[in-house]
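**Q** Dumping the structure here so I can ask a few things about it.
The values are calculated or read from the model by the stated rules, or taken from the named source; none is laboratory data. This structure is a prediction, so every number in the text was calculated from the model and none was measured. Don't worry about glycine lacking a Cβ; one is built from the backbone with ideal geometry, like all the others, and counts go over all protein chains shown. In case anyone asks, the SASA skips ligands and DNA or RNA and just uses the protein heavy atoms, side chains included. Shrake-Rupley method; radii C 1.70, N 1.55, O 1.52, S 1.80 Å.
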Amino acid sequence: MLRFSQNSHYKLSFLVLVLWVSHLVDSKSGFELDEPLTYLWPLPSEFTSGNQTLTVDPTLSFSALGKGGNSKILIEGFERYKKIIFKHVSGISLFGKSRGIRSVYDISELRFIVNSDSEELQLGVDESYTLFVAKKDGKSIVGEATIEANTVYGALRGLETFSQLCAFDYETKSVQIYKAPWYIKDKPRFAFRGLMLDTSRHYLPIDVIKQIIESMSYAKLNVLHWHIIDEESFPLEVPSYPKLWNGAYTKWERYTIEDASEIVSFAKMRGIHIMAEVDVPGHAESWGAGYPDLWPSSTCREPLDVSKSFTFDLISGILSEMRKIFPFELFHLGGDEVHTDCWTSTPHIKQWLNDQNMTAKDAYQYFVLKAQEIAISKNWTPVNWEETFNSFPSKLNPRTIVHNWLGPGVCPKAVAKGFRCIFSNQGAWYLDHLDVPWNEVYSAEPLEGINNVSEQNLVLGGEVCMWGETADTSDVQQTIWPRAAAAAERLWSKREAVSARNITLTILPRLHFFRCLLNRRGVQAAPVTNKYARQPPIGAGSCYEQ
């Protein structure tokens with residue numbers, strides 16, 4: 001629940017705001033199917049609207065109250081969104097200047113009230129906000145447009161909503177807000193709303209990663225799961241083990257530690273976490289390009305050699321270096337698709353298994369648990385793909401977060417045993433599955449099969465996964481969007497709001513609208529109703545109908 005300012009003036013302002021809205025607005029519920037559609041994405045938790053049209057001053061000014069009002073994150077966010085909102089407008093038009101006309105606008109100031117000055121960005125940070133927009137009539141102490149939030153990150157989410165209320169009118173060449181006055185009280189349904197990005201199968205330049213992060217903020221996604229390395233390539237610099245990035249495709253397809261830090265900083269300015277992944281013990285052949293001793297043998301190259309202490313020393317070294325870069329409390333350790341044939345067929349590992357009285361399955365468990373210990377020792381919470389839970393649930397560290405992907409039904413089992421869970425059912429939320437239509441993405445429900453409230457609370461949320469075998473700079477954005485937006489609304493909005501009986505009538509027009517908004521902002525989002533994702537349009541037509 002949003003806690004409003006302790007300052008009595010703020011309390012009075014909000015009380016007057018609520019009373020004023022009750023007189024000005026015909027109350028409308030955000031999830032009543034018989035009401036007109038609301039073209040905000042994702043749909044806010046609670047809102048009311050009216051029937052007025054307001055004009056917005058292109059010189060819109062910034063004002064702030066509260067402990068967090070002077071945050072650099074907020075100030076830069078305001079300037080960033082101002083450029084988006086007024087892309088077609090810059091002050092008085094040339095026509096108006098020639099006639100000496102000075103326009104009078106209904107909204108000339110955007111006021112922020114940010115109650116906390118903390119900029120710490122961790123899982124579960126308060127992203128709630130209220131947004132009020134109304135024509136200034138001189139009778140109220142409330143500003144024309146006000147965003148109140150407990151944290152700067154809630155204020156950023158409110159800014160995104162405000163930007164979506166603003167529309168450029170080509171007839172008057174002005175920015176307008178329709179259906180005012182607006183009162184919006186909003187918060188996310190889930191704390192973890194992610195997109196996984198694979199930069200091993202195809203290298204993505206820093207600027208492309210930033211563009212993806214920017215586009216995530218438009219849909220209020222808040223976690224970029226960075227699958228940096230895999231068996232095909234190791235593009236990340238690790239100063240304590242400088243030969244590791246010999247596993248990059250080329251010397252030009254690499255990320256320095258400065259690059260990684262820049263991505264983390266860029267994301268934080270948009271309220272987005274970076275969850276890094278080092279997938280062990282499988283998917284690691286590229287590591288041996290610089291350190292061949294990590295391979296079981298030169299002809300049998302993964303999983304990583306479980307018998308050598310060097311393997312775990314190196315993992316510890318990687319995680320120590322990465323801890324300096326990635327402040328997010330979650331760290332993904334992979335653990336999926338581990339095929340142990342190289343362990344049982346390589347003489348020295350086979351001997352080690354015999355000496356330890358272990359089977360290959362035992363060794364898999366040993367490796368995963370040892371990697372978890374290393375991550376926890378560096379103050380990280382381990383995330384593992386579901387195979388680890390499926391194989392040895394009773395042995396996993398209780399802090400483990402289980403990441404579902406193979407199919408439905410895993411999160412119910414995980415939370416029943418007290419584990420937290422992230423939902424990424426490949427049948428719906430793997431974006432490289434190009435034949436999965438938008439409606440199946442939208443309908444996938446992270447809490448399906450979980451009825452106990454305490455167990456529901458253990459589902460952190462979910463993420464859509466952009467595996468990179470067939471995605472590079474040329475097509476990654478149109479593969480991500482607009483289907484990722486379908487999952488984004490599922491993760492943000494109330495369950496009642498996203499459980500419409502006929503989503504073709506109630507959701508599809510809004511998703512068309514949001515896809516066009518992405519296009520206007522420079523995001524190469526593909527048509528919504530493609531038979532296969534990321535295909536171009538099949539013929540001429542409007543963005544709002546494809």
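**Q** Just name the residue that is farthest from ALA526 (Cα to Cα) out of those in the range 434-471 that are in contact (Cβ under 8 Å) with a residue 60 or more places away in the chain and out of contact with any Lys or Arg (no Cβ under 9 Å at 6 or more places or on another chain).
**A** CYS465
**Q** Just to confirm my filter: which helices (runs of 4 or more DSSP H) fall fully inside the range 444-546 and include at least 3 residues that are open to solvent by 10 Å² or more (accessible area, probe 1.4 Å)?
**A** The qualifying helices (runs of 4 or more DSSP H) are 453-456, 503-506, 508-520.
**Q** Considering only residues that are part of a helix (DSSP H, G or I) and crowded, with 17+ Cβ neighbours inside 10 Å, look in the range 216-258 and name the one that is nearest to the chain's Cα centre (by Cα). Let's see the steps before the verdict.
**A** Quick first cut of the range 216-258, residues part of a helix (DSSP H, G or I) only: 216-218, 244-247, 257-258.
The next check asks that each one be crowded, with 17+ Cβ neighbours inside 10 Å; those that pass are 216-218, 244-245, 247.
Numbers: MET216: 6, SER217: 7, TYR218: 10, LEU244: 29, TRP245: 27, GLY247: 28 Å.
Filtering first and then ranking leaves MET216.
**Q** Kindly indicate which of VAL89, VAL175 is surrounded by 16 or more Cβ atoms within 10 Å (Cβ to Cβ) and at pLDDT 95 or above.
**A** VAL175
**Q** So which pairs qualify, if the first residue must be in the range 344-368 and in the same structural domain as PHE389 (by the TED database), the second must be open to solvent by 70 Å² or more (accessible area, probe 1.4 Å) and part of a helix (DSSP H, G or I), the Cβ gap must be under 7 Å, and the two must be at least 6 apart or on different chains?
**A** Qualifying pairs under 7 Å: THR344/LYS350; MET358/TYR366.
**Q** Let me ask something else about it. Taking the conditions exactly as written (open to solvent by less than 50 Å² (accessible area, probe 1.4 Å), outside any helix (DSSP H, G or I), of a type outside the set (Ser, Thr, Tyr) and over 19 Å from LEU319 (Cα atoms)), does PRO412 satisfy them or not?
**A** Spelling it out, it is not the case that PRO412 is open to solvent by less than 50 Å² (accessible area, probe 1.4 Å), outside any helix (DSSP H, G or I), of a type outside the set (Ser, Thr, Tyr) and over 19 Å from LEU319 (Cα atoms).
**Q** While we're on this one: Kindly indicate which of ASP169, ASP207 is open to solvent by 10 Å² or more (accessible area, probe 1.4 Å), of a type in the set (Asp, Glu) and not assigned by the TED database to the domain that holds PHE328.
**A** Only one candidate passes the filter, namely ASP169.
**Q** Filter the range 154-186 for residues that are polar (S, T, N, Q) and assigned to a loop (DSSP other than H, G, I, E, B) and give the result.
**A** THR172
**Q** Given the options PHE310, PHE331, name the one that is in contact with a helix residue (DSSP H, G or I) (Cβ under 7 Å, 6 or more places away or on another chain), free of Cβ contacts under 8 Å to residues at least 24 places away in the same chain and either open to solvent by 10 Å² or more (accessible area, probe 1.4 Å) or within 17 Å of LEU396 (Cα to Cα) (or both).
**A** Only one candidate passes the filter, namely PHE310.
**Q** Out of all the residues in the range 191-204, which are closer than 19 Å to TRP429 by Cβ, open to solvent by 10 Å² or more (accessible area, probe 1.4 Å) and of a type outside the set (Gly, Ala, Ser)?
**A** ARG201
**Q** Out of all the residues in the range 57-70, which are part of a strand (DSSP E or B) and touching a Leu at 6+ places or on another chain (Cβ under 9 Å)? Full working, then the answer.
**A** Taking the range 57-70 first, the residues part of a strand (DSSP E or B) are 57-65.
Hits for the range 57-70 are LEU60, SER61, PHE62, SER63, ALA64.
**Q** Determine the pairs where a residue that is assigned by the TED database to the domain that holds VAL280, located within the range 381-402, has a partner that is among the hydroxyl-bearing types (Ser, Thr, Tyr) and surrounded by fewer than 23 Cβ atoms within 10 Å (Cβ to Cβ) with Cβ atoms under 6 Å apart, the partner being 6 or more residues away or on another chain.
**A** ARG399/THR381
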